[in-house]
Every structure is written in structure tokens, then in C-alpha cells.
Amino acid sequence: MFTRLGQLADECWSLDAKKVSDLLHEREKLVTTGSGNGIAIPHARYTGLPHLVGAVLVLEKPIDFDAIDDMPVDLIFMLLTPPDAGSVHLKMLARVARALRDQDYADKLRGAGSDDALFAILTGLEARDAA
């Protein structure tokens, strides 16, 4: 999965795919980012990145991710931040984790059906948090 996330980072932001994959894998060795309920939030700090970037994958077939509840993962949020992002990194992790604790919201993401539908749901996150 980390290889695919690295490829995605290369396609979207012209980042070094192997470096992204390696950074995510090294981070995962510390403690799983599989937070339970089929959700994982792999994240890393990437030198040279000007700002936070993120990607969402909704998998058709769940994969083993060594999650804290031992359940396979089908919803993956990848976050990459510059090394000097400080609290931005932690705040975004907390924000994503909070949103995904809402089972209805997570189920909407899983059922989005298209990139456009997924984007529409995700961009509603801003309004959802403000409420």
C-alpha cells in the first residue's frame, strides 16, 4: 500500500515516490496508523515539501494493516507535511481522526462512488467542523 501511496504522491505533487513510500513505511514501524473501524491515517514529514498535502483512498477490497482493532482497512487518509510544520501536522491528524470517528461520515466516504463525489464529501469537512 505504501508503494501505491508513493506513486500517488508522485502523480499529484511530483514527489519522489520511493522516498514517500519509505517515509510512510518507517513511520508505520513505530506504531500502526490503522486507527480502527477500517481506517488508516499514514503520515510522514517530507523534507522540501512547501505545505501540507493529503490524499484519500477508498479501497474496493480491504487490506490487512495491523490496525489497533485487527480489522482490515478500506479507507486510507495519507498526510504529508514539511518537517517544520509543527502543530499543523498534529492538528490535521486530530481533525481527520475526529471526522472519521463519525461512522456515518466514514460510510459516506466509502460509498462515494466517484472521485467527484468523494471530493464533495471531503470539502464539506470544513463546514462540518465549523458547526
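A short reminder: the numbers here are calculations on the coordinates, not readings from a lab. From a predicted model like this one, the values you see are computed outputs, not experimental measurements. Heads up, the Cβs are rebuilt from the backbone with ideal geometry, glycines too, and the neighbour counts pull from every protein chain shown.
Computing FRET efficiency as 1/(1 + (r/R0)^6) for Ile68 and Ser14, where r is the C-beta to C-beta distance and R0 is 41 Å, gives about 0.80. Membrane-span-like helices in the chain, defined purely by DSSP H runs whose alpha carbon atoms cover 15 Å or more axially and whose average Kyte-Doolittle hydropathy reaches 0.0, are 87-101, 115-130. For the chain, the 222 nm mean residue ellipticity estimated from helices alone, with every DSSP H stretch of n ≥ 4 adding -39500 (n - 2.57) and the total spread over all residues, rounds to -15500 deg cm²/dmol. Peptides 85-95, 5-15, ordered by how many other C-beta atoms sit within 10 Å of their residues on average, highest first, read 5-15, 85-95.
Each part gets one Cα centre, and for region 89-113 versus region 25-59 those centres are 13 Å apart. For a test of the definition: using alpha carbon positions, the gyration tensor, and the 1.5 limit on a/c, classify region 2-124 as rounded, prolate or oblate. Rounded, because the longest to shortest axis ratio a/c is under 1.5. By the gyration tensor of its Cα atoms, with a ≥ b ≥ c the square roots of the eigenvalues, what is the shape of region 42-114: rounded for a/c under 1.5, prolate for a/b over b/c, or oblate? Prolate, because a/c is 1.5 or more and a/b exceeds b/c.
Just to be sure I understand: of the beta bridges DSSP finds with both ends in the chain, what percent are antiparallel, rounded to 5? Around 65 percent of the beta bridges assigned by DSSP in the chain are antiparallel ones.
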